[in-house]
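Heads up, the thing below is written out as structure tokens.
The values are calculated or read from the model by the stated rules, or taken from the named source; none is laboratory data. Note that the structure is predicted; figures quoted are calculated from it, not measured. Counting neighbours? That spans all protein chains shown, and the Cβs are built from the backbone with ideal geometry, glycine included. The accessibility values were calculated without ligands, DNA or RNA, using every heavy atom of the protein model including side chains. Shrake-Rupley method; radii C 1.70, N 1.55, O 1.52, S 1.80 Å.
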Amino acid sequence: MRTITVALGEKTYNIEIAAGLLDQIGAKARVLSQAVKAAIISDSNVDPLYGERLERSLAASGFEVTRIVFAAGEQSKNLTVLGQVYDELARAGLTRSDLILTLGGGVPGDLGGFAAATFLRGIDFIQVPTSLLAQIDSSVGGKVAIDLPSGKNLAGSFYQPKAVFIDPDLLKTLPLRFLHDGLAEAIKYGCIRDAGLFAQIAAVKSDQELLEQADSIIETCCNIKARIVEKDEFDTGERMLLNFGHTIGHAIEKCCGFTTYTHGEGVGIGMVQMTRQTEKLGLTAAGTAEELSRVLKKFALPVTAVFDAQEILQAMALDKKKSGKKINLVIIEKIGVGRLHKIDWQDIPAYIG
Ligand SMILES: NC(=O)c1ccc[n+]([C@@H]2O[C@H](COP(=O)([O-])OP(=O)(O)OC[C@H]3O[C@@H](n4cnc5c(N)ncnc54)[C@H](O)[C@@H]3O)[C@@H](O)[C@H]2O)c1
Ligand SMILES: O=C(O)C(=O)C[C@@H](O)[C@H](O)[C@H](O)COP(=O)(O)O
Ligand SMILES: [Zn+2]
């Protein structure tokens, strides 16, 4: 068992990482919560795999369990599905002292976490991430949200979980596309903060080896994110570094109607495109974009996409790193060194190519 603490005063919580952890969550949740009822929010792929095991573990610790399931995929991360989840929480009779557990990837984690942040004006929740992306990124740090037709994560909150329980064994059923999708976010951490992590991923020779190194990659990424969130919980400065590749990546996801590219795929395209441009602007060491592109392609991640520049610009205009007529862009000086670069919005075309 590895434990990483996210120290945020009264909101301090632990990230626990251990194989076989899923069956211990009921007892661990009971230490954290005297709730009578517990609602598991999951999706149509993950619930059939792990929902019953988690329910059994919770029931054995005295929770009255409800399971709420929505259709898997980014296209469920919206107001309609959120409304359906609210209705099911109400029908289950959850009260403010009860508990929500999000079981799944970043979509149940974000949507279910936002439901926890807003149902009855907020009830406790626990993240049980099951995709690599969720285990290394979305389950940590308290960003919860849904997408709007206008763009990514445009309705949401900062709402910290009571705990994050990570069982790397659950990655064994994750489709390869989403194992690679999550790796894009790990490569992001390497780009902005940890050249050693980037080199570790670059040296991985197979998907089997990737799964064997998952524990170490998860622990490294969660540590990086925990330290950044402790310094800037509400994303006003250093935490924006975690958004490297997202200004373009989110716009790509939105322009595709949240289909075509997964989140990690969009982020990978965004990281390469931004770095290609900042190399041209002399802000990034020559060859960095090529090195980044090589590693992404090694894991079948796309590095380019064809889009109408005006459409992308319009989608980027809702980036939450914008402030008035300026925007904070995340660039990398070289692998391992991320920097915030505040520019006038009118100058943005030079950064997207
Ligand atoms: N809140 C944050 O800090 C944060 C950080 C990064 C990404 N995100 C968000 O996370 C979302 C992407 O997350 P994701 O890539 O996990 O998407 P996802 O939740 O859609 O999961 C990807 C796919 O894998 C399936 N799946 C998940 N775990 C599985 C398992 N163990 N076995 C079999 N199938 C499994 C899901 O059903 C889905 O089909 C995006 O909406 C993104 O905006 C949020
Ligand atoms: O936790 C953060 O901060 C991040 O930026 C992590 C990102 O990987 C994640 O995609 C996040 O949801 C994007 O945040 P947003 O504020 O751009 O919606
Ligand atoms: Zn992301």
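Restricting to segment 56-88, name every residue that is farther than 26 Å from L133 by Cα, buried (at least 16 other Cβ atoms within 10 Å of the Cβ) and either hydrophobic (A, V, I, L, M, F, W, C) or touching a residue at least 60 places away in the same chain (Cβ under 8 Å) (or both).
F63, V65
G353 fails exactly one of the following numbered conditions: (1) under 13 Å from T247 (Cβ atoms); (2) touching a strand residue (DSSP E or B) at 6+ places or on another chain (Cβ under 9 Å); (3) open to solvent by 30 Å² or more (accessible area, probe 1.4 Å). What is the number of that condition?
Evaluating G353 over (1) under 13 Å from T247 (Cβ atoms); (2) touching a strand residue (DSSP E or B) at 6+ places or on another chain (Cβ under 9 Å); (3) open to solvent by 30 Å² or more (accessible area, probe 1.4 Å) leaves (2) as the failure.
Evaluate segment 218-241: report whether one residue or more is over 22 Å from A7 (Cα atoms) and surrounded by 23 or more Cβ atoms within 10 Å (Cβ to Cβ). Working first, answer last.
Quick first cut of segment 218-241, residues over 22 Å from A7 (Cα atoms) only: none.
So far as segment 218-241 goes, no, none of its residues is over 22 Å from A7 (Cα atoms) and surrounded by 23 or more Cβ atoms within 10 Å (Cβ to Cβ).
Of the numbered conditions (1) exposed (fewer than 15 other Cβ atoms within 10 Å of the Cβ); (2) more than 19 Å from K188 (Cβ to Cβ), A300 satisfies every one except a single condition; which is it?
(2)
Taking segment 131-150, which residues are open to solvent by 10 Å² or more (accessible area, probe 1.4 Å), within 14 Å of the chain's Cα centre (by Cα) and of a type outside the set (A, V, I, L, M)?
Correct list: S131, D137, S138, K143.
Please find, within segment 283-313, the residue that is nearest to I343 (Cα to Cα) out of those that are out of contact with any helix residue (DSSP H, G or I) (no Cβ under 7 Å at 6 or more places or on another chain) and not in a helix (DSSP H, G or I).
L283
Being aliphatic (A, V, I, L, M) and within 11 Å of ligand 2 (Cβ to nearest atom) is the filter here, so list the residues in segment 317-332 that pass it. Step through it out loud before you land on a result.
Within segment 317-332, the first condition is being aliphatic (A, V, I, L, M), and the residues that meet it are 317-318, 327, 329-332.
Those that are aliphatic (A, V, I, L, M) and within 11 Å of ligand 2 (Cβ to nearest atom): L318, V330.
For segment 89-121, which residues satisfy the criterion of being surrounded by fewer than 18 Cβ atoms within 10 Å (Cβ to Cβ) and outside any helix (DSSP H, G or I)? If you could, list the steps in order and put the result at the bottom.
Here is the first cut: in segment 89-121, the residues surrounded by fewer than 18 Cβ atoms within 10 Å (Cβ to Cβ) are 90-93, 95-97, 118, 120-121.
Within segment 89-121, A92, G93, T95, R96, S97 qualify.
Residue by residue, here is whether (1) within 20 Å of the chain's Cα centre (by Cα); (2) modelled with pLDDT of 95 or more; (3) farther than 29 Å from Q208 by Cα holds:
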site: G266; (1), (2), (3): yes, yes, no
site: L283; (1), (2), (3): no, yes, yes
site: R294; (1), (2), (3): no, yes, no
site: K298; (1), (2), (3): no, yes, no
site: F307; (1), (2), (3): no, no, yes
site: K320; (1), (2), (3): yes, yes, yes
site: V330; (1), (2), (3): yes, yes, yes
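So which of G105, G83, G151 ends up being outside the structural domain of S216 (by TED's automatic domain parsing) and either within 25 Å of I15 (Cβ to Cβ) or in contact with a strand residue (DSSP E or B) (Cβ under 9 Å, 6 or more places away or on another chain) (or both)? So that I can check it myself, show each step before the final result.
On the way: G83 fails: either within 25 Å of I15 (Cβ to Cβ) or in contact with a strand residue (DSSP E or B) (Cβ under 9 Å, 6 or more places away or on another chain) (or both); G151 fails: either within 25 Å of I15 (Cβ to Cβ) or in contact with a strand residue (DSSP E or B) (Cβ under 9 Å, 6 or more places away or on another chain) (or both).
From the options G105, G83, G151, the qualifying one is G105.
I need the full set of residues from segment 238-268 which are outside any helix (DSSP H, G or I) and away from ligand 2 (no atom under 11 Å from the Cβ), in order please.
So the first thing to find is which residues in segment 238-268 are outside any helix (DSSP H, G or I), and the list is 244-245, 256-262.
Selection gives C256, G257, F258, T259, T260, Y261, T262.
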